[in-house]
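To keep things clear, I will list the structure first and then write my remarks on it.
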Amino acid sequence: MRSFANFILRHPLAAVLIAGLFGILALKIPPFALISAAAVGLYALRQGGLPGVLVMLGAGLVVAGGWFWLGSRPGLDFPLVFALWPPLLLAAGTLRRTESQGAALLVVGLWVGLFILAMHLATGDVVAFWKAWLHRAVAAVPGATVKGFEENDTLRIMNGLLAVLYGLSLMLGLLFARWLQSLMYNPGGFGPEFRRLRLPRLALLVTVALIWLSGYFSPVLLADLFMAAMMLYFFVGLAVIHGVIEVRGMNRGWALPVYIVLVYWPQFALSGLALVGAIDAFVDFRAQQPAPPPT
């Protein structure tokens, strides 16, 4: 991975090539968008905002060419990376200036909140919008239907689910970029920085107030913002787990059950870690002293 990071940072054209090629691959295999976003984020973290923007624009031309040639998956009207790169650059710029992953996470949370509000304002009815979108998307897939979405009422939380996936993609792309940067210039520095990730108490109070106020306008909007808040505090909760393990001198293997639950029961892991992250704003678990050695 060090060689991969070194190649990206060697020259802006190398960063454009990596971001562009993985952006093209993401047209057919969406997870590759994270690597493309990380390449743009890594270059911006190291070289600054303007060079990062230039790399984004160059990679955008590459992806646009691939999009014209290959097309995209059914239901996607534009490459995913076009939605990831701009906010990731904003978050990377914040992280570069403040050296605080918490500050960058707030930028991601604000962007996701704006996405939710924009969808509600632009569509007037996000449930109807996503229902129509699903019908268009499955039309090109033989045998696929939207019946399951309608029967279990998933359509009512569709906007919130996509907002959560959007926020997770942005933050994971940024963390991947920061980790690659640490391999090059600060070996071993990523872990301590992540374990310090926290959000101010005021952020929690403002988040709760906004969710409460949104209920006066729309129950769907309330659910969307609540899910976005869970995404936000999920990262804090994960940092708390790793931080407590480090503070108490425990074996890092104690974090493994958390990741097992995250893989097999992501909804429970997301909500549980979000709760831990929210409580940490008042309790500050990582400030506790290590347990005394046995006598």
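The values are calculated or read from the model by the stated rules, or taken from the named source; none is laboratory data. For clarity, every value in this text was computed on a predicted model and none was experimentally measured. Backbone-built Cβ (ideal geometry, glycine too); neighbour counts: all protein chains shown. Only protein heavy atoms, including side chains, enter the accessible area calculation; ligands, DNA and RNA are left aside. Shrake-Rupley method; radii C 1.70, N 1.55, O 1.52, S 1.80 Å.
Identify the residue in region 52-109 that is among the polar types (S, T, N, Q) and assigned to a helix (DSSP H, G or I) and, among all such residues, is nearest to Arg178 (Cα to Cα).
Only one residue tops the list, namely Gln101.
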_Complete set of residues in region 263-281 that are open to solvent by less than 50 Å² (accessible area, probe 1.4 Å), within 18 Å of the chain's Cα centre (by Cα) and of a type outside the set (Gly, Ala, Ser)_ = Leu270, Leu273
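Here is a yes/no grid of residues against (1) touching a Pro at 6+ places or on another chain (Cβ under 8 Å); (2) at pLDDT 95 or above; (3) surrounded by 14 or more Cβ atoms within 10 Å (Cβ to Cβ):
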position	(1), (2), (3)
Leu42	no, yes, yes
Leu61	no, yes, no
Gly71	no, no, no
Pro74	no, no, no
Ala92	no, yes, yes
Ile116	no, yes, yes
Ala122	no, no, no
*Does region 185-206 contain at least one residue that is buried (at least 18 other Cβ atoms within 10 Å of the Cβ), within 25 Å of Ala104 (Cα to Cα) and β-branched (Val, Ile, Thr)?*
no
*When region 94-112 is examined, which residues are found to be surrounded by fewer than 24 Cβ atoms within 10 Å (Cβ to Cβ) and either over 20 Å from Thr207 (Cβ atoms) or in contact with a Pro (Cβ under 6 Å, 6 or more places away or on another chain) (or both)?*
Arg96, Arg97, Glu99, Trp111
*Could you please let me know if Ala33 is open to solvent by 20 Å² or more (accessible area, probe 1.4 Å) and either modelled with pLDDT of 90 or more or not in a helix (DSSP H, G or I) (or both)?*
no
*Quick one: count up the residues across region 44-59 that are aliphatic (A, V, I, L, M) and open to solvent by 10 Å² or more (accessible area, probe 1.4 Å).*
5
